[in-house]
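Read the structure below first, then the notes.
No value in this document is a laboratory result; all are computed from the given coordinates. Because the structure is a prediction, the values reported are computed rather than measured. Every residue, glycine as well, gets a Cβ built from its backbone with ideal geometry; the counts of neighbours run over all protein chains shown.
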Amino acid sequence: MHVKAVGAGVLVELFAVAVGATLPLPPDVRITAALALLTVGLVGGYVAGRVADGNWRDGIRHGLFAGIVGGFALALVLGYTMATPGSEVGALWGLNYLIATSGIPTDLAAVYDQQLGILFPAIAGLLVAIEGAVAGGAAGSVSVEPP
């Protein structure tokens, strides 16, 4: 395990989550920025897999670890913004808007309000971790011997 590779991927993901949580955005681009924030695992996983400089299995492993840390950070920040009204200003506003308008029946949302505040951030974190593994595997070097 190359700590430098995982650290590079984590650094990219944490930077993107921090910018997404703090940078005020105009209302027109918040939803697009939210969707871009959900793809942060691809970038961090690719960086981790590329810096690992191994085969595709090493890339998957390093990308997965970077994605887990970045996904955990995104889940924490998203969970906080869902529980604290008015705390989101940028891309996280877009994520909260997408969650609020996703078509959840109001009866279900009223009964499972706190559980949904845990479920949706966990799904976002899992998505980032899976993206990291896929992108890390794609970044791993593949050596093909000519026949």
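Each residue, Val3 and Asp28, gets one label point 7 Å from its Cα in the Cβ direction; the gap between the two is 4.7 nm.
Once C-alpha pairs closer than 8 Å and six or more residues apart are averaged by separation and normalised to the residue number of the chain, the relative contact order reads 39 percent. Basic side chains Lys and Arg get +1 at the Cβ, acidic Asp and Glu get -1 at the Cβ, and with that the dipole of the range 3-139 about its Cα centre reaches some 360 debye. In what sequence do Trp56, Trp93 fall when counting other Cβ within 10 Å, fewest first? The order, fewest Cβ neighbours first, is Trp56, Trp93. Using θ = phi - 60° in the Karplus curve 6.51 cos²θ - 1.76 cosθ + 1.60, the 3J(HN,Hα) couplings for the range 19-32 round to 5, x, 8, 10, 7, x, 10, x, x, 5, 10, 5, 6, 4 Hz; x is entered for Gly and Pro. Using the average count of surrounding beta-carbon atoms within 10 Å as a protection proxy, the listed peptides 7-13, 78-84 rank, highest first, as 7-13, 78-84. Here the Karplus relation 6.51 cos²θ - 1.76 cosθ + 1.60, evaluated at θ = phi - 60°, turns the backbone of the range 125-132 into coupling constants of x, 5, 4, 5, 5, 5, 4, x Hz, with x for every Gly and Pro.
For the chain, a Gaussian network of Cα nodes joined below 10 Å ranks Ala110, Ala48, Ala34 by mean-square fluctuation, and the top entry is Ala110. Once backbone amide H atoms are built at 1.01 Å from N, Ile104 has no partners under 5 Å, excluding neighbours fewer than 5 places away on the same chain. Only one of (1) 1.37; (2) 1.60; (3) 1.15 was calculated from the structure for Cα Rg over 2.2 N^0.38 Å, and its label is (3). By the count of neighbouring beta-carbon atoms within 10 Å, fewest first, Thr106, Thr22 end up ordered Thr106, Thr22.
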